[in-house]
Each structure stands twice: as C-alpha cells, then as structure tokens.
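*Asks:* One structure is given below, represented as structure tokens, and several questions about it will come after.
What follows draws every value from the coordinates through simple rules; no lab data is involved. Remember, it's a predicted structure, so these values are computed and weren't measured experimentally. Cβ: placed from backbone, ideal geometry, glycine included. Neighbour counts: every protein chain shown.
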Amino acid sequence: MKKIRKAVIPAAGFGTRFLPATKAVPKEMLPIVDVPTIQYIVEEAVNSGIEEILIVTNSSKACMENHFDHNFELEQKLIESHDEERLQLVKAISDMANIYSVRQKNPRGLGHAVLCAKSFIGDEPFAVLLGDDIVVNREKGAIQQLMEAAQRYEGSVVGVQSIARENVHKYGIVAVDETINERIVKVSNMVEKPKPEAAPSNLAVLGRYVLEPAIFSYLESQTPGAGNEIQLTDAIARLAHDRSVYACDFEGVRYDVGDKIGFLKAQIDFALDRPDLHDAMIEILRGIDLHSA
Ligand code: G1P
C-alpha cells in the first residue's frame, strides 16, 4: 500500500448542537481551554506523519483557514512587545502543516464532504479525522494506530471503540466478519445509527478512518441514507463487500466534544492536565459543594 500522506478534516457542519455559540463561530473553533478543537485534530494528524491536510469547509468558516495562516499584524505586535513565548506559539500553528481548504457547496452529509476531497487526494490512501472526536494518546495518536494497521493489513481501516448498547443510535456500527487480533477485526458490513435491536455489534466508529481511494467511486454512486444524507458509513459498507476493510479498536481516551457534556468533561480534564492550571482547577473542584448542587 502507498504511504499515507494526506488527511481530510470534514468541517462544514452547522454545529446546531452548540447554538447559539455556533451562530457566527464555527464549532471547530470552540476552544478546549485555550486551543480550538480543530487544532488538536491537526496536531494528531501531523504527529502521525501526515504532510498535507484538506479541511472541507463552507462559506462561513474562513476563520479556520486564518487560524492556520500567518497573522503578520499580531506577530509584529508580539515582536515589538518582546513576547517571544506567544510569538513562537502563534507562529508554530501556521508552520504546522500544509493546510488547504475546499468548500462543500451543499450540506449533503459526511460522505459528500469526503467526496469533495477527491481531486486533492488523487490515487492514494488517506486519513479522515472528524472534529467532534478528540482522542488523547501521548504515545501514539489514534490515526497513527489506524495508519499502521492499514499498511500492515493492506486495506481500509475504521477506528472503533466499544460503547454501551443504548448509545449505538448515535454512531456508525460495524459488523464483524473475523477477529484478526485483540485490536483488529475484519469488517463485513456497517450500519449508520442503528436502533439497539438492529445493531450488529457495539463497536462504534469514532471519527477516525484510513480509506483507500477506491472509496470515491462508492461515494459518487451513494444514495442518501440515515437523515437523508450521503453517509460515509454506507459507502464504506459497500467497499467492505468488495475489498478489505478492518476496524481498529484504538487506544486512547476519546472525548465527544460535539456533545455538551463531552465538551465540558474535556475542559476539566485538559485543564487538570496543564501544569499552569492544575492546582487552581483542583481548588475549584474541591470548592464545589456537591451536596447542595
Ligand atoms: C458521524 C458518522 C458516524 C460516526 C460519528 C463518530 O456521525 O456519520 O458514523 O460514528 O460521526 O463521531 P455524526 O456524529 O456526525 O452524526
């Protein structure tokens, strides 16, 4: 299999679950502590060896492109005030990777957003990272674990973790064909957001994929599915009938930052993990009277 060098980050959603915050600010720019969620996703890709990233956006999301570009006025101001630390901080973001963007002109679903990356990707396997899922694993990012599995087993790989049955209706769920080892299974089918009784397993796809370029022809002929949208899950299910698709139960703590509680939990955990904020955060948490709350 060719080297995996490119990644696609679909980020054209309306963020309706986070209104009113997302009326004028893309949900991908909402910060966990002081870093926008999309930056964590880009960092995971870059740390995994991805060289080129395409963000699929829409017309109201130009600030995401600005975030990864140079801001000369700001840099000049930081130079003048001798604020070397912040200068390096903002410059590092723009030097992180080659980031491109394309607009999804119609909101027709995740599968359609990935299809918008077709000419950028060409004939190479590629990674897809969804901004609603932040995965923390300092040794090896989730997408790197999938990239290694894709190279080793020569197929597409979706990133999964086991979830509670009552939550299967929120995710793409895989049907297992064969267990390869304790972390990898071969996939026979996938179902987008099934009812618990219709779910083929409790292995949910959590925002990480490595896909062979063959996926594009499936996406092109994909009819609308759940929510009347072109679903990536449905196209991968068809791909799995014809070619090898695996699921990798990746190691790492996953935060569903597209959900309010997941977002709040991430704020607390990430603050606790920061040496400059840890003690103050503990003090706040200790001061909360849970009995009267
Ligand atoms: C999308 C995918 C779904 C996947 C989920 C994971 O759903 O369609 O298969 O399990 O992301 O984060 P969404 O959460 O955008 O509705």
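*Asks:* In whole Å, what is the distance between the alpha-carbon centres of the range 102-137 and the range 187-241?
*Replies:* Comparing the Cα centres of the range 102-137 and the range 187-241, I get a distance of 14 Å.
*Asks:* Determine ³J(HN,Hα), in whole Hz, for all residues of the range 119-130 in sequence, where each value follows from phi through the Karplus function 6.51 cos²θ - 1.76 cosθ + 1.60 and θ = phi - 60°; x replaces Gly and Pro.
*Replies:* Rounded to whole hertz, the list is 6, 5, 7, x, 10, 10, x, 8, 9, 10, 10, 9.
*Asks:* Report the charge-dipole magnitude of the range 4-104 in Debye, nearest 20, computed about the Cα centre from +1 at each Lys and Arg Cβ and -1 at each Asp and Glu Cβ. Numbers along the way, then the final one.
*Replies:* On the way: 10 positive and 15 negative charges, 142 e Å.
Value, rounded to 20: 680 debye.
*Asks:* As I understand it, the dipole of the range 1-149 uses +1 on the Cβ of Lys and Arg and -1 on the Cβ of Asp and Glu, about the Cα centre. Which of Ile134, Pro31, Ser119 lies farthest toward its positive end?
*Replies:* Result: Ser119, furthest along the dipole toward the positive end.
*Asks:* Please order His70, His291 by the number of other Cβ within 10 Å, starting at the fewest. Present the calculation step by step, with values, prior to reporting the outcome.
*Replies:* Working: His70 13, His291 5.
The most exposed by this proxy come first: His291, His70.
*Asks:* Taking 7 Å along the Cα-to-C-beta vector as the label spot, tell me the His70-Asn106 distance in nanometres, rounded to one decimal.
*Replies:* Label-label distance for His70 and Asn106, simple model: 4.0 nm.
*Asks:* Ok, one more. Highest mean first, what order results for 94-103, 197-206 on Cβ atoms within 10 Å?
*Replies:* The peptides rank, most packed first, as 197-206, 94-103.
*Asks:* Take peptides 73-79, 6-12 and line them up by average Cβ neighbours within 10 Å, highest first, as a rough protection proxy.
*Replies:* Listed from highest to lowest mean packing, they are 6-12, 73-79.
*Asks:* Taking neighbour Cβ counts within 10 Å as the exposure measure, how do Thr179, Thr223, Thr233 sort from fewest upward?
*Replies:* In increasing order of surrounding Cβ atoms, one gets Thr223, Thr179, Thr233.
*Asks:* Also, I was wondering about something else. Among DSSP beta bridges whose residues both lie in the chain, state the antiparallel percentage, nearest 5.
*Replies:* Here the share of antiparallel DSSP bridges comes out near 60 percent.
*Asks:* Obtain the nm distance between the two label points defined at Lys3 and Leu264 by a simple spin-label model: each point lies 7 Å from its Cα along the Cα-to-C-beta direction.
*Replies:* With each label placed 7 Å out from Cα toward Cβ, I get 4.6 nm.
*Asks:* Oh, and also: From a point 7 Å beyond the Cα of Asp123 in the direction of its Cβ, which residues of the range 199-242 have a backbone N at a distance under 18 Å?
*Replies:* 211-218
*Asks:* Kindly provide log₁₀ I(q)/I(0) values, in the same order as q = 0.18, 0.22, 0.24, 0.26 Å⁻¹, from the Debye equation applied to equal alpha-carbon scatterers of the range 189-274.
*Replies:* Summing over Cα pairs of the range 189-274 leads to -0.93, -1.15, -1.25, -1.34.
*Asks:* Let me have the relative contact order for the chain, percent, based on Cα pairs under 8 Å that are six or more residues apart.
*Replies:* The value is 21 percent.
*Asks:* Same structure, new question: Thinking of the chain as a set of Cα atoms, what percent of all their pairs are more than 30 Å apart?
*Replies:* Tail fraction, whole percent: 32.
*Asks:* If I model a spin label as a point 7 Å beyond the Cα along the Cα-Cβ vector, how far apart are those points for Ile282 and Ala62 in nm?
*Replies:* About 4.6 nm separates the two model spin labels.
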